[in-house]
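First, the structure itself, so that you have it in front of you.
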Amino acid sequence: MKKLLILFAVMLISISAFAQNNDGGFKFTVVKENPVTSVKNQASTGTCWCFSSLSFIESEAIRINKLKEADYPDLSEMFVVSHAYADKAKKYIRVDGALNFAQGSSFGDLIYVLRDYGIVPNEVMPGLNYGTDRHMHGELIAGLKGYMDGILKNPNRKLSTAWYPGLQGILAAYLGPIPETFNYKGKEYTPKSYFESLNVNLDDYLDFTSWTHLSYYEKHPVEVADNWRWEQAYNIPLEDMMTIIDYAVENGYTVAWASDVSEQGFTRNGIALVPDMDAIKKQAEEAGSDQAHWLGITAPGARPNFDKPVPELAITPELRQQGYEEKNTTDDHGMQIYGIAKDQNGNKFYMVKNSWGETGKYKGFWYVSEAYVRYKTMDFMVHKDAIPKDIKKKLGIK
């Protein structure tokens, strides 16, 4: 009897496993995965650039110092954001308001802040001084913009020495004062000395993009409105772009990744792909068949489910450029690529850490298809040792 019960249990497990492997959903196998810190939530802010690039620096600290999970750093996004708003305000005045004074920015902004001001742990400056337990910057940015536009009018015909301390007062009221010194784990630090303790050399990080209207293997300004610091990136061919990203992940590095998430293929359930709608519509003509059921299509013209494998577009440099020129590809969102996986059909997907909290099927992580990364990458940042030697040579990087 006992043997029969064991055999019956094994049969149930086998049937369950078979059903799970044939339910039509994605089945991912990890090829390479690098350490990342826990998923954070930018909530109601436009500060993804900071959450993604700071997460990237946290992973770099983990890699460089060979940290165990208990010692992973948790760095303060709002320390960076506060300094960025303050620096942006100065430039806003200098260029007579001809600057996008908003919440967005670039990866270069983080590098600048770390180099000039340092960093603090998140517990030292969580940036929640305005009565909520989640980040909400709508009122803050509206107040800052109104204040700056008032200063810009220069009603006294000469700017006073009070306007900048006034701005700092607003920032301190919402995000907390910038600490000059603080104690952390039994040691006293300044923001600069704490950053130095991470052993991250900022000279080692480079930014890349890929557009056909710019000369290759040369630096150009990243042409997006949020790039108010006028950061430059190396422009490289599409295939080199993908080679660097793959080489980085395969060799233990992560990637700070700026992309466009407005496409219908970027789902809110942890999947991003570039559906070939013509191919899908052709399959939809067989609505009611097993194939249509596989795609989640029950009638011609119905929207397919992108939580299952579907045909994707073949992405060329020309198609990338077309999306950029037509403003279908924009500087939309910053995330962190930390791994590579394959689906049940052998298609490559990148494992991506987002900053929308533990949401979606994968609790804040996304699987992004190779086609999507080829198509929608705006720019990305990596350590210089994450670049293959032959590409380094073309760029003149040692």
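We did not get these values from a lab; they are worked out from the coordinates using the rules stated. Owing to the predicted nature of the structure, the values given are computational and were not obtained by experimental measurement. Virtual Cβ from ideal backbone geometry, glycine too; neighbours counted across all protein chains shown.
Would you give the gap between the C-alpha center of segment 170-198 and the C-alpha center of segment 345-398, rounded to a whole Å?
31
Say the cut-off is 26 Å between C-alpha atoms; which of LYS90/LYS384; LYS327/LYS389; LYS308/LYS392; LYS308/LYS363 go over it?
Cα-Cα > 26 Å for LYS90/LYS384; LYS327/LYS389; LYS308/LYS392; rest within.
Related question: How would you rank MET277, MET381, going from fewest to most other Cβ atoms within 10 Å of each one's own Cβ?
MET277, MET381
Something else about it: Where Lys and Arg each count +1 and Asp and Glu each count -1, what net charge lies around HIS83 among other residues with Cβ under 10 Å from its Cβ?
-2
Given springs between every Cα pair under 10 Å in a Gaussian network model of the chain, which of VAL222, VAL31, VAL382 has the largest fluctuation?
Its mean-square fluctuation being the largest, the pick is VAL31.
Still on this structure: What is the extension gain from ASN199 to GLU33, computed as 0.36 nm multiplied by their sequence separation minus the C-alpha to C-alpha distance, in nm to one decimal?
Taking ASN199 through GLU33 to full extension adds about 57.5 nm, to one decimal.
Continuing with the same structure: Pop a pseudo-label 7 angstrom from the Cα along the beta-carbon direction at both LYS145 and SER262 and give the gap in nm to one decimal.
Reported label-point gap for LYS145 and SER262 is 1.6 nm.
Then there's this: Taking the simple approach of a point 7 Å from Cα along Cα-to-Cβ for both HIS220 and LYS393, what is their distance in nm?
The two pseudo-label positions are separated by 2.5 nm.
Mind running the shape call on segment 140-211? Use the C-alpha gyration tensor, a ≥ b ≥ c as the square roots of the eigenvalues: rounded below 1.5 for a/c, prolate if a/b tops b/c, oblate otherwise.
oblate
I would also like to ask the following. Using a Förster distance of 22 Å, how high is the FRET efficiency between HIS213 and ALA314, based on the Cβ-Cβ distance and rounded to 0.05? Present the calculation step by step, with values, prior to reporting the outcome.
On the way: r = 21 Å, r/R0 = 0.96.
Efficiency for this residue pair is about 0.55.
Within the chain, which whole H helices from DSSP have a Cα span along their axis of at least 20 Å and a mean Kyte-Doolittle hydropathy of 1.6 or more, if any?
Qualifying helices: 2-20.
Now, a different point. Only helical DSSP H runs with n ≥ 4 go in: add -39500 (n - 2.57) per run for the chain, normalise by residue count and round the 222 nm mean residue ellipticity to 500 deg cm²/dmol.
Taken over the chain, the calculation gives -11500 deg cm²/dmol.
Using label points projected 7 Å from each Cα along Cα→Cβ, tell me how many nm separate THR161 and GLU239, to one decimal.
6.2
Based on Cβ point charges of +1 for Lys and Arg and -1 for Asp and Glu, what charge dipole magnitude is obtained for segment 145-234 about its Cα centre, in debye rounded to the nearest 20?
580
Further question on the same structure: So how strong a dipole does the chain carry about its Cα centre when Lys and Arg Cβ are +1 and Asp and Glu Cβ are -1, to the nearest 20 debye?
600
Just to confirm the filter: which chymotrypsin sites (Phe, Trp or Tyr not before Pro) across segment 186-231 are DSSP coil and have at most 12 other Cβ within 10 angstrom of their Cβ? The partial results should precede the final answer.
Numbers: sites: TYR189, TYR194, PHE195, TYR205, PHE208, TRP211, TYR216, TYR217, TRP228, TRP230; in loops: TRP211, TYR216, TYR217, TRP228, TRP230.
Loop-located and lightly packed - TRP230.
Checking the cross-link filter: which aspartates and glutamates have an alpha carbon closer than 14 Å to that of LYS192, excluding same-chain neighbours under 8 positions apart?
Qualifying aspartates and glutamates at Cα under 14 Å: ASP116, GLU180.
With unit charges on the beta carbon (Lys/Arg positive, Asp/Glu negative), name the residue among PRO237, VAL274, HIS333 whose Cα is farthest towards the positive pole of the charge dipole of the chain.
HIS333
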